[in-house]
Amino acid sequence: LSGNTRDCFLTGSPDSYRNLIGTWLRCLPNAPSTEVYKNAHHASGRFCFQSSQSLGVKITSLQSSSVGQLPHHFSAWNIQIIRSFHTSPSFQAAPVPLFWIIVKPAQKLFAIILGRSIRNWWKALPPNKRELFKESARKNKWKILLGVSSLGVLFVMFYFTHLEETPITGRARLLVFGKEHFRELSQMEYDMWMEEFKTRMLPETDARYQVVERVVGHLSESNKDIPQVSALKWVIHVVDEPGVNAFVLPNGQVFVFTGLLNAVSDIHQLSFILGHEIAHAVLEHAVKKASLVHFLDFLSLIFLTMIWAICPRDSLAVIGQWIQSKLQEFMFDRPYSRTLEAEADKVGLQFAAKACVDVRASSVFWQQMELAETIQGQPKLPEWLSTHPSHENRAEHLDRLIPEALKIRERCNCPSLSGPDPRLIFRLNMQHLLQSSKDEETPNSTKRDLSKPNLDFPHT
């Protein structure tokens, strides 16, 4: 195990990796290179499409590039990860419209100044006038309560009048901003990313670029019956970056880091991850998250004003403001982000199933990430501290969704899955790893070099 606490590398024998990936790929199903299928008896009324280009051809392409031209880019266990894997960047697709980004600090400053002014005004009042105000408040308490209730009703009405139905899932969502604003801002963010990565973009002739292009093309072709998928033009960008990351902007710009290509074991895992990111764009999660953040920020201005008006000193008001912001973050912002990630996992798995991908490989990817962090000795933080579900919970959630995804494959006339379940292979490999570790920890054994863990798994 080498590298610092942020960038760690899990390395082993390249030959054993090539043998392992070759064995796994031979067990994967080969989809027939036939014409498009249309499943007229689909229960939901949707059509399932299969790309005219065979998935088996793509798997063969990935295998040949992995073993020949790219010996280190698609090995099963050459996992290069950052501190925590998040497929979506923290500010995916312009977090809020530009105007509110600019005025947001001014709003907070105004609330602080207003609350502090109210506090100083109250302190400057003579005692007799304070008593008069208190007496007046007691006499008009019902009017004050009515005013506060009316304000609350306005917020509730605003919330329910700005609810829309989420595509595909049908779940209600809050939309404060128009989608046209985000189209403009997603273009601005695209220009920003292109400027940042302009020297690290892989050319279209690179085998890694071609693999990503084929996977995205196959996913979009297989799900073109969904209007939100067919309406976007999916443009591929592969960035030569070690981070395990990928994201899709609302305008269909797909960014994939080479670190992610190093982390996946096969084309099925890559298909699921990219399906997950496409789901973020199709479900318009950036718009939903920005709308909730703006709505909560507007409400927090009232509490911020009250904090600075009630607290007797500025130092206490600063502490109260910090507590209020943390409560909002951990009670609303982060749980909502985790909900969006779980929704993208579900829809992304459906996209992959309609593309005849082996959906069973989806949970294995997160188990691999969990194993890598465990070997590196990274501390496990509670899930409520993160914007993403934990790797373990994510794998369990996907395992519960896989049976329904397998039914979708059947309805889409996908070829039957052959070979062992990749989840079973992973468990057997873990058992072999644990047994190898126990065998090495004998009293007469030499001191083990922890920088070179034994990961030569059986090719069963």
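Points to keep in mind about this one:
- Looking at the range 179-434, the accessible area is 40 square angstrom per residue; that uses a 1.4 Å probe and ignores ligands, DNA and RNA.
- Placing pseudo-labels 7 Å out from each Cα toward the beta carbon at Arg411 and Lys233 gives an inter-label distance of 3.2 nm.
- Peptide packing for 330-343, 360-373 was compared via the average number of neighbouring C-beta atoms within 10 Å per residue; ordered from the highest value, the list is 360-373, 330-343.
- With the simple spin-label model, which puts each label point 7 Å out from Cα in the Cβ direction, the Glu204 to Glu396 separation comes to 4.6 nm.
- The range 331-376 and the range 145-211 have Cα centres lying 21 Å from one another.
- Overall form of the range 120-200 per C-alpha gyration tensor (a/c, 1.5; a/b vs b/c): oblate
- Surface composition of the range 179-434: carbon plus sulfur atoms hold 60% of the accessible area, using a 1.4 angstrom probe and ignoring ligands, DNA and RNA.
- Potential extension, Leu424-Ala172 segment - 0.36 nm per residue separation minus Cα distance: 87.0 nm
- Pairs of Cα atoms nearer than 8 Å and 6+ residues apart set the relative contact order; for the range 179-434 it is 17 percent.
- With a Förster radius of 41 Å applied to the C-beta separation of Phe298 and Leu434, the computed FRET efficiency comes to 0.20.
- Estimated inter-spin distance, Arg138 and Met331, nm [label 7 Å along Cα→Cβ]: 3.1
- Full-stretch length increase - Trp322, Leu125 - with 0.36 nm per residue and alpha-carbon distance subtracted: 68.0 nm
- Applying 1/(1 + (r/R0)^6) with r as the Cβ-Cβ distance of Leu145 and Leu381 and R0 = 41 angstrom yields a FRET efficiency of 0.45.
- Residue-span extension gain [Val156 to Glu241] - 0.36 nm each, minus C-alpha spacing: 26.1 nm
- Proximity of backbone amide H atoms, modeled 1.01 Å from N, is registered between Gln253 and Val235 at under 5 Å, excluding neighbours fewer than 5 places apart on the same chain.
The values are calculated or read from the model by the stated rules, or taken from the named source; none is laboratory data. As the structure is a prediction and not an experimental result, all values here were calculated from the model. Backbone-built Cβ (ideal geometry, glycine too); neighbour counts: all protein chains shown. The protein model used for the area step is the full one, side chains on, heavy atoms only, and it has no ligands, DNA or RNA in it. Shrake-Rupley method; radii C 1.70, N 1.55, O 1.52, S 1.80 Å.
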